Amino acid sequence: MLVWERPEPPDRPVPASLSRERIVRAAIKLADADGLEAVSLRKVAAELDVRPMRLYGYIAGKEELLDLMVDAVHAEIRPVGDGWREVLRSHAEATRHAVQGHEWLADLLGGRPQLGPHALATGESVMAALGGVDVDDVMPVVAAVNAYVIGAVRREIAERRAERATGMDEKHWQATLGPYLQRTLATGRFPALATVVHEATDLDADHTFGIGLDCLLDGIEARISR
C-alpha cells in the first residue's frame, strides 16, 4: 500500500508527539538549509528529538520521505488563470518559484511519479484548463511544458551552485573568460555566435525564462488552432 493510502499510527504524545506532517516539515527544513545530502532518517529524528526507529511507524524509508517532501511543496504550486495558456504559464512560473525557494526540488522533479494529493490537485487544475483541447494532445502538451520548466530550473540551480562553489558570479566569469572569448570570436570562425554575443540584449534569468516559455506556448497554440 502506498504511503498516501496507509494510515498513520495512533499518536503517542510521550516522549514527543509525532506525525507524517511533522516529519516532512523537519526534512524540508534540513533540505532547505543544506540540500538533500542533509536528509536522513537519523538526522530527521534528531531534529524532532525522537529515536530513528519511531519514524518507521510513519514512513517505510527515505524514498517515501522524499515523495512526501515533493508533495508538500506541491501545495505551493497552484495554477490559476482563464484558459489553458494562462494556466500553463501560471503552473510553469509557480513551479519555478517553488524550486527557487526549495533548491533541492530541482533534483527530484521529473523522477518518480508524483501521486500525492497536492500533486494530483495541481495536475487536476492543469488538466481542467485543457478541457477543450483534443484529449490525445493533453499529455504531450503538459509534458512539453514540464520538460521546459525542469530543464530551465535545473540550469538556474546548477549556476547558483557553481557560484557558491567557486565564489564567482556572472560578472567574475565574464571578467575571467571574456578576453579568451573575444580573441576566439575575432578569428571569424564563429560569425553567428559573434553576432549574438556582440549585439543581443543581455537578459536576466526571469526574462530568459519568460521568452522561452512564450515560444513554447506559441507553438502549442499554433498546433491546437489547426
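Before anything else, pin down the relative contact order of segment 47-106: Cα pairs under 8 Å, at least 6 apart, normalised by residue count, whole percent.
Details: 26 pairs, mean separation 13.1, N = 60.
Relative contact order for segment 47-106 comes out at 22 percent.
Among 211, 77, 150, the largest mean-square fluctuation in a Gaussian network model of the chain (Cα springs under 10 Å) belongs to 211.
In this simple spin-label model, placing a label point 7 Å from the Cα along the Cα-to-Cβ direction at both residue 214 and residue 29 gives a separation of 4.3 nm.
Across all directions of projection, what mean area in square nanometres is found for the Cα convex hull of segment 20-73? Mind showing how you got there, number by number?
Numbers: hull surface 12.4 nm².
Mean shadow area of the hull around the Cα atoms is 3.1 nm².
Sort 196, 39, 3 so the one with the fewest other Cβ atoms within 10 Å of its own Cβ comes first.
Values: 196 9, 39 21, 3 18.
Ascending Cβ contact count within 10 Å gives the list 196, 3, 39.
Under the criterion of Cα pairs below 8 Å and six or more residues apart, the relative contact order for the chain equals 16 percent.
Of all lysines in the structure, those lying under 17 Å Cα to Cα from residue 62, and not within fewer than 8 positions of it along the same chain, are 29, 43.
Of the GluC sites (Glu not before Pro) found in segment 62-147, those that fall in a DSSP loop while having at most 16 other beta-carbon atoms within 10 Å are 76. Each of residue 173 and residue 100 was given a label point 7 Å from its Cα along the Cα-to-Cβ line. The distance between the two points is 1.8 nm. Helix 205-225 and the longest principal axis of the C-alpha atoms of the chain enclose an angle of approximately 90°. Between 183, 42, 78, the Gaussian network model of the chain with springs among Cα atoms under 10 angstrom shows the greatest mean-square fluctuation at 183.
By how many nm would the segment from residue 205 to residue 180 grow when fully extended, if each residue of separation counts as 0.36 nm and the alpha-carbon distance is taken off?
Numbers: separation 25, 0.36 × 25 = 9.00 nm, distance 2.41 nm.
Going from the current span to full extension adds 6.6 nm.
Placing one identical point scatterer on every Cα of the chain and ignoring solvent, what is log10 I(q)/I(0) from the Debye formula at q = 0.09, 0.11, 0.12, 0.16 Å⁻¹? Per q value, in the given order, log10 I(q)/I(0) is -0.52, -0.72, -0.82, -1.13.
No value in this document is a laboratory result; all are computed from the given coordinates. Remember, it's a predicted structure, so these values are computed and weren't measured experimentally. Cβ: placed from backbone, ideal geometry, glycine included. Neighbour counts: every protein chain shown.
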